[in-house]
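Student: Right, I'll just put the structure down here and ask away after.
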Amino acid sequence: STVYADNAITTRGSDWYFTVCAVMMVSTFAFMGLALTKPRQHRIFHYITASITMVATIAYFSMGSNLGWTPIQVEFPRGQGSKVGGLEREIFYVRYIDWVITTPLLLMDLLLTAALPWPTVMFVILIDEVMIITGLVGALVVSSYKWGYFVFGCVALFYILYVLVWEARKHANAMGKDVGKAFLYCGSLTALLWTLYPIAWGLCEGGNLITSDSEAIFYGILDLLAKPVFGALLIWGHKGIDPARLGL
Ligand code: RET
């Protein structure tokens, strides 16, 4: 039998997902190509950044193909009529598989730039995994307790933002003017974008307030800024910085 959801992407959402997929793929080749122009000891940030867009390429290929989702009964079928048995929304769990791999890599890009000690990096990554997994569980459970998971995720995000805007920023500045500047640009972009993800979640997976096509646009724009644009800014910021100076 055909599995469907009452709120699912149309061909427009699919086309947009494939467009983002193409941008992610081109970015991956660009970051890898740039890596090859550098000596091996200078490639760490290219490798991390290319890995991020590579994973996203496959996630977006899945979503463009309308795969990697499961129908979840919604609490508030607002403006979508009323069906006996309740309406279902398409929840793309593949998004969270992407995030659980790529958000730790994004944090490594930032925290290695700031040259934070590795126990700090590991702990922040653990909290990041808590944030993504609570978001996934909250998206999948059919209960208003989903907002409890959401709150746990937001607390985790607050801790990550505290480390970024306070501890890591101070540490980056102490590593030199060029490192401080690279961190300021990439860290600020991250702090701004990452606070928008829980808003998207509240409108999509959480509250079912916008359509799946709108979800595609919202998360798609965020991911383009948080991955390829962030990556380009980071690699540009590392021009002239020897990773050995950061202990790498
Ligand atoms: C969730 C829901 C639970 C509460 C919070 C969330 C935050 C998610 C974030 C995701 C960032 C993703 C990125 C992807 C790659 O480009 C899981 C939506 C706080 C911050 C940067």
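Student: Which of the residues belonging to region 129-151 are near the ligand (Cβ under 8 Å from one of its atoms) and within 14 Å of the chain's Cα centre (by Cα)?
Tutor: Met131, Ile132, Gly135, Leu136
Student: So if I check each of Leu157, Leu164, Leu224, Leu192, which one is exposed (fewer than 15 other Cβ atoms within 10 Å of the Cβ), within 16 Å of the ligand (Cβ to nearest atom) and under 20 Å from the mean Cα position of the chain (by Cα)? Quick ask: steps written out before the conclusion?
Tutor: Working: Leu157 fails: exposed (fewer than 15 other Cβ atoms within 10 Å of the Cβ); Leu164 fails: exposed (fewer than 15 other Cβ atoms within 10 Å of the Cβ); Leu224 fails: exposed (fewer than 15 other Cβ atoms within 10 Å of the Cβ).
The match here is Leu192.
Student: Something else about it: Test Gly206 against the criterion of being more than 27 Å from Met54 (Cβ to Cβ), surrounded by 15 or more Cβ atoms within 10 Å (Cβ to Cβ), within 11 Å of the ligand (Cβ to nearest atom) and at pLDDT 95 or above, and give yes or no.
Tutor: Values: more than 27 Å from Met54 (Cβ to Cβ): yes; surrounded by 15 or more Cβ atoms within 10 Å (Cβ to Cβ): yes; within 11 Å of the ligand (Cβ to nearest atom): yes; at pLDDT 95 or above: yes.
The answer is yes for Gly206.
Student: Next question. Pairs only if they're at least six apart or on different chains, beta carbon under 7 angstrom, first in region 151-175 and under 23 Å from Gly138 (Cβ atoms), second open to solvent by 60 Å² or more (accessible area, probe 1.4 Å); list them, first residue then second.
Tutor: Going by the 7 Å Cβ cut-off, the qualifying pairs are Ala156/Val130.
Student: Restricting attention to region 31-61, which residues are away from the ligand (no atom under 14 Å from the Cβ), open to solvent by 20 Å² or more (accessible area, probe 1.4 Å), under 22 Å from Thr103 (Cα atoms) and without any contact (Cβ under 8 Å) to a residue 60 or more places away in the chain?
Tutor: Result: Met32, Arg43, Tyr47, Phe61.
Student: Okay, next question. Please pick out the residue among Trp99, Trp69 that is under 30 Å from Arg12 (Cβ atoms), of a type outside the set (A, V, I, L, M), open to solvent by 10 Å² or more (accessible area, probe 1.4 Å) and near the ligand (Cβ under 10 Å from one of its atoms).
Tutor: Details: Trp69 fails: near the ligand (Cβ under 10 Å from one of its atoms).
Going through Trp99, Trp69 in turn, just one is under 30 Å from Arg12 (Cβ atoms), of a type outside the set (A, V, I, L, M), open to solvent by 10 Å² or more (accessible area, probe 1.4 Å) and near the ligand (Cβ under 10 Å from one of its atoms): Trp99.
Student: Has region 160-178 got any residue that is at pLDDT 95 or above and within 26 Å of Ala59 (Cα to Cα)?
Tutor: Yes, some residue in region 160-178 is at pLDDT 95 or above and within 26 Å of Ala59 (Cα to Cα).
Student: Out of (1) within 24 Å of Tyr47 (Cα to Cα); (2) away from the ligand (no atom under 12 Å from the Cβ), what's the single condition that is false for Ala174?
Tutor: Here Ala174 meets the rest and fails (1).
The values are calculated or read from the model by the stated rules, or taken from the named source; none is laboratory data. These figures come from a predicted structure and were not determined experimentally. Please note: Cβ atoms are built from the backbone with ideal geometry, for glycine as well, and neighbour counts cover all protein chains shown. These area figures cover heavy atoms from the full protein model, side chains too; ligands, DNA and RNA do not enter into them. Shrake-Rupley method; radii C 1.70, N 1.55, O 1.52, S 1.80 Å.
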